[in-house]
Amino acid sequence: LNKSVLEGETVQLDGSESYDLDANPLTFSWRSPAGIHLNDSTLKKPTFVAPDVKVNTNYIFTLIVNDGTSNSDPSTVTITVLQVNKRPVADAGSDISYNEGSSVSLSGSLSYDPDLDVISYKWTSLDGIILFDALGPAPSFIAPQVSANKIYRFKLEVSDGVLTSIPDTVKINIVNVNKIPVAFAGVDQTVNEGTLVQLDGSLSSDADNEP
């Protein structure tokens, strides 16, 4: 009988209702469509594993039996393999380093859906960075100023509208760039000769807070 099965399911065909009017023993010969492998095409009840399909797909199998003298007319059965929605896969890209102050672009372009469904993106910053276009495949941000190298983490989830992927996380290492310190020698002074003068460089500074 025609029937429907899920992709990946083991399916058994059944030619046991075949018969010979003379009650002679029968041999079986099954023909399967391209891409389908029967475990033994000469069995009365061969099996196969339903393939992965992008949409519900009909597969037609043909059976011919022989009584030792003559072949029967072909008989067919249709097996409909039902597509099962699969979870999409998120890929947040490789960990990478950027200098502070750089423009950083994340990339989820290697994310995919096994069923080729259109996917949507959702990025989440785990360390307080504000992302531009967090619902797109390639959000961006400006690397903050850091006093020492610091790692910021970003989580990506993708969805096919029904199922959401397992999250994937990328780490962006923001590299501290040593900045030139600023010297400030104080204000100009006018003093009498012989006076003790104090110069003042205390307002000199370093953007990295180094001594």
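The values are calculated or read from the model by the stated rules, or taken from the named source; none is laboratory data. Predicted model only: the values in this text are computed from it and were never measured. A quick note on method: Cβ atoms are made from the backbone with ideal geometry, for glycine too, and the neighbour counts reach across all protein chains shown. Areas reflect the complete protein model, heavy atoms only, side chains present, ligands, DNA and RNA absent. Shrake-Rupley method; radii C 1.70, N 1.55, O 1.52, S 1.80 Å.
Summary table below
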quantity	calculated
Gain upon complete extension [residue 177, residue 60; 0.36 nm per residue less C-alpha separation]	35.4 nm
Spacing of the two label points (7 Å from each Cα toward its C-beta) at residue 77 and residue 99, in nm	7.0
Surface share of carbon and sulfur [accessible, 1.4 angstrom probe, percent] for the stretch 1-129	49
Residue 86 versus residue 118: modelled label distance in nm, points set 7 Å from Cα along the beta carbon direction	2.2
Label-point gap, in nm, between residue 162 and residue 140 - each point 7 angstrom along Cα→Cβ	3.6
Extension gain (nm, one decimal) between residue 192 and residue 19, 0.36 nm per residue minus Cα-Cα	49.4 nm
Calculated semi-axes √(5λ) of the Cα gyration tensor in Å (choose from [x] 79, 13, 10; [y] 26, 20, 14; [z] 29, 20, 16), label	[x]
Cβ charges +1 (Lys, Arg) and -1 (Asp, Glu), total dipole of the chain, debye	300
When each of 86/122; 86/150; 86/155; 3/86 is checked by Cα-Cα distance, pairs over 27 Å	86/150
Listed residue (189, 110, 203) projecting farthest to the positive dipole end of the chain, Cβ model	110
Probe 1.4 Å, accessible area per residue of the chain, Å²	65
Local net charge near residue 144, Cβ-Cβ under 11 Å (Lys/Arg +1, Asp/Glu -1)	-1
Sequence-distant aspartates and glutamates (8 or more away, or on other chains) whose Cα lies within less than 20 Å of residue 179	100, 206, 208, 210
Cβ-defined net charge surrounding residue 81, 15 Å radius [Lys, Arg +1; Asp, Glu -1]	-1
Those chymotrypsin sites (Phe, Trp or Tyr not before Pro) in the stretch 15-68 that DSSP places in a loop and that have at most 15 other beta carbons within 10 Å	19
